[in-house]
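Comments concern the structure below.
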Amino acid sequence: MLTSSSEDPRLAGRVAFTHPNFVSYTLARFFIVVALEMQSVAVGWQVYEITKRPLDLGYVGLAQFLPGFVLFLFAGHAADLYDRRKLLMWCYAGFALCSALLLAINWRAPRSVHAIYVVLVLLGIFRCFNWPAGRALLPQLVPEEHFSNAVAWTASSFQIATIAGPAIGGIAYALFRGPEGVYAIAVTVSILSTILTLRIHPQPASPERELAERITDKEPVTLRTVLAGFRFIWEKKLILGSISLDMFAVLLGGAVALLPVYARTILHTGPWGLGLLRSAPGVGAALMAIVVAHHPIRRRAGLTMLLSVAAFGVFTIVFGISHSLIVSLVALFLLGASDMVSIIIRAMLVQVATPDEMRGRVNAVDMLFIGVSNELGEFESGVTAQWFGTVPAVVLGGVGTLLVIAAWAWLFPELREADQLTAAELVPK
């Protein structure tokens, strides 16, 4: 029998890892993120090497965002009606297929940017279904009392993967003198994640979810059922405020899409330097997630989130004006650490305050907001860099983030005044 954290204080900070399902889930997710992150470095460097235009880096993000924008409602509905583990497994296999296609393109038509965009659209489709299924599956893997610890460690493992992935991708790109080795490794690692997912055996679903699964063949997918996630979030102003804050802040303040430009033309480094730059936010985020796992956020969660996103904006500005690789790495490290605090708070808000039978659709809406901030944010960064120049685009984005913080603190007093992240506080009796 597993020892609970209450019986053995030494396990308190890592109690989620006493559950085998969580271990398999976390390892599979870790490896798939490594594969996708190292692949993103290769794609970004390859596209910019071919076209030499920042705008084309924006198209890389747009190609991955558009499928999610079109399909996210159906992906969330699927995560509520079908076996989440099987959906996750199919998505991981799909990622392996996309990496194999990129490898084939590099062999047959290495200068074809349009072919790369087509694969990125397919990748975006699999990502669209992966996010709500994976997020909604997590609460079924650990007891409720260990869920906050699981969220922190999931975030930490994700960030460690974002450290390892770009670093491996940059080094492999340099060693193999091109993206072939990166794509081949990504195929292998994605297959490993698919196999690990087979080892997951979720806890029994709630009665409401079991009912939903039994009537899947009888109940048609209607506009009302598909839009249920939107209605739920609109009624929960605290959740609406938290996820929309993150969306607008990262949409304006995201500089990741322009890292190939910084690496090549401003910081004067190569693929290895790009790998370090891509990894730096993950290092800061991973360390912060570990700190939060051992020292959870217990009070003033809303104010903490607002301050952490403000710090994100400040460090974006510092990175934007830096011409030193060391200063840029430190700024990105602190940017990642501050962002992780808001990520954990938002994840707890969404998962704890949402009933199991609704988690797929609510997480799908959350995925749309995150997609807007990340992939569409990359497109926005590429466009503004094309118009105003790379450095002004990043600095203006950081300033915009600070303005969003001020506006959201006024528009969403529920967020500003939020205190504890517990079901007793967040779920109405």
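A short reminder: the numbers here are calculations on the coordinates, not readings from a lab. Computed from a predicted structure; not experimentally measured. We place every Cβ from the backbone using ideal geometry, glycine too, and count neighbours over all the protein chains shown.
Let me make sure I get this right: for the stretch 148-202, a, b and c are the square roots of the gyration tensor eigenvalues over alpha carbons, sorted descending. Under 1.5 in a/c it's rounded, otherwise prolate if a/b > b/c, else oblate. Which is it? In terms of gyration-tensor shape, oblate.
Note on Arg231 and Val23: the extension gain reaches 71.5 nm, defined as 0.36 nm multiplied by sequence separation minus the Cα-Cα distance.
Using C-alpha pairs under 8 Å with a sequence gap of at least 6, the mean separation divided by the residue count of the stretch 94-187 gives a relative contact order of 48 percent.
The slack in the chain from Ala109 to Gln386, taken as 0.36 nm per residue of separation less the alpha-carbon distance, amounts to 97.0 nm.
The label-point distance for Leu411 and Ile50, in a model that sets each label 7 Å from Cα toward Cβ, rounds to 3.8 nm. Under the combined filter of DSSP loop state and at most 13 neighbouring Cβ atoms within 10 Å, the stretch 10-83 retains these trypsin sites (Lys or Arg not before Pro): Lys52. Need the C-alpha centroid separation for the stretch 248-318 versus the stretch 77-135, integer Å. What the calculation gives is 26 Å, centre to centre.
The phi torsions of the stretch 180-186, fed into the Karplus equation with coefficients 6.51, -1.76 and 1.60 and a -60° offset, translate into couplings of 4, x, 4, 5, 5, 5, 4 Hz, rounded to whole numbers, with Gly and Pro shown as x.
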